[in-house]
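J.: Have a look at this one before I ask anything.
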Amino acid sequence: MLSLAAAAHDAEEIRAEYYRSKAETAVKNLRRNLFEAHYADSLGQAKELLLSLIPEGAVVGCGDSHTLFAMDLEGSLSEKGCTVIPHVCVNRPFMEENGGFRDREEARRVTREIIRNYLASDVFLLGANAITMDGQIVNVDGRGNRIAGSLYGPERVIVLAGANKLVPDERAGRERAGFVSAAMNHVKYGKGEMPCMKAGVCLDCRHPERSCSITTVIHRKPHDADFHVILVGEELGF
């Protein structure tokens, strides 16, 4: 009689093959929608590919993305002579870490200046709340700065996403953004009082600090855009 351990399958191997299969289909459909789409098995491979797409000396704007943060890009970009414009957001942790601001309005002015700079960057990097199996990109923002950078302005846009962001269709992408991404961002920014946090599901609330004020679905590569998508066969970000 087999032991439980002997009867078990390699869960990591199964997960890797599952993600690879789904991601390769999504990459094919992203290319049909004219995006420059790529697949990487691991975060390390994705980082190599991403760096190859960033020219020496480029000004690089970064949207709020834990997939990007996991890559620890700062040192590598510095070696390429790049100027990095990091994501900032007027929230409680930001205010606490930058106590030199007189008030929230001053912090907002500083934030807007940084955002203006990264919208004119050579390369803009961001994640995705969801990517559909038919090759569309779904993102939801509270302020819209991350979404704005993905639509027009930067010379090159690169979206990086783990295979856990893959969903069947646009509707599922919106649902994922509300049920998973927004809620986890509320945890990140200490917004435990939000209605969705208390109810466990999105209530399409009217709370002034809700994270889901703007939704975009990029169906096809925008005209004249240099637009890349890198899918990674790992569970990354939220």
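The values are calculated or read from the model by the stated rules, or taken from the named source; none is laboratory data. Here the structure is a predicted model, which is why all the values come from computation and not from measurement. Note that we place each Cβ from the backbone using ideal geometry, even for glycine, and neighbour counts take in every protein chain shown. Note: accessible area is taken over every heavy atom of the protein model, side chains too, but ligands, DNA and RNA are not part of it. Shrake-Rupley method; radii C 1.70, N 1.55, O 1.52, S 1.80 Å.
J.: Any idea which of (1) surrounded by 21 or more Cβ atoms within 10 Å (Cβ to Cβ); (2) out of contact with any strand residue (DSSP E or B) (no Cβ under 7 Å at 6 or more places or on another chain) is the one PHE179 doesn't satisfy?
T.: Exception for PHE179: condition (1).
J.: Those residues that are of a type outside the set (D, E, K, R) and on the phi > 0 side of the Ramachandran plot, I need them from the stretch 53-89; list them, please.
T.: Hits for the stretch 53-89 are GLY57, GLY81.
J.: Is there a residue being in a loop (DSSP other than H, G, I, E, B) and at positive phi anywhere in the stretch 160-168?
T.: no
J.: While we're on this one: Can you find even one residue in the stretch 217-226 that is touching a helix residue (DSSP H, G or I) at 6+ places or on another chain (Cβ under 6 Å) and of a type in the set (Gly, Ala, Ser)?
T.: No, the conditions are met nowhere in the stretch 217-226.
J.: Right, next: Considering only residues that are more than 18 Å from LEU68 (Cβ to Cβ), open to solvent by less than 30 Å² (accessible area, probe 1.4 Å) and in a helix (DSSP H, G or I), which ones fall in the stretch 28-46?
T.: ASN29, LEU30
J.: Considering ILE214, ILE137, ILE218, which residue is surrounded by fewer than 16 Cβ atoms within 10 Å (Cβ to Cβ) and closer than 25 Å to ARG116 by Cα?
T.: Of the residues listed, the single one that is surrounded by fewer than 16 Cβ atoms within 10 Å (Cβ to Cβ) and closer than 25 Å to ARG116 by Cα is ILE214.
J.: For the stretch 71-98: of the residues being in contact with a helix residue (DSSP H, G or I) (Cβ under 6 Å, 6 or more places away or on another chain) and modelled with pLDDT of 65 or more, which is least open to solvent (accessible area, probe 1.4 Å)?
T.: Applying the filter and picking the extreme gives MET71.
J.: Here is a follow-up. Considering only residues that are over 16 Å from PHE69 (Cβ atoms) and either at pLDDT below 95 or in a loop (DSSP other than H, G, I, E, B) (or both), which ones fall in the stretch 118-138?
T.: Hits for the stretch 118-138 are LEU119, ALA120, SER121, ASP122, MET133, ASP134, GLY135, GLN136.
J.: I'd like the residue in the stretch 8-27 that is within 27 Å of HIS223 (Cβ to Cβ) and aliphatic (A, V, I, L, M) and, out of all such residues, is surrounded by the fewest Cβ atoms within 10 Å (Cβ to Cβ).
T.: Selected residue: VAL27.
J.: Could you please let me know if GLY153 is open to solvent by 10 Å² or more (accessible area, probe 1.4 Å) and on the phi > 0 side of the Ramachandran plot?
T.: Answer is yes for this residue.
J.: Can you run down the residue pairs with Cβ atoms below 9 Å, 6 or more apart or on separate chains, where the first is in the stretch 154-166 and of a type in the set (D, E, K, R) and the partner is part of a helix (DSSP H, G or I) and open to solvent by 10 Å² or more (accessible area, probe 1.4 Å)?
T.: Listed pairs, sorted by first residue: LYS165/ARG176.
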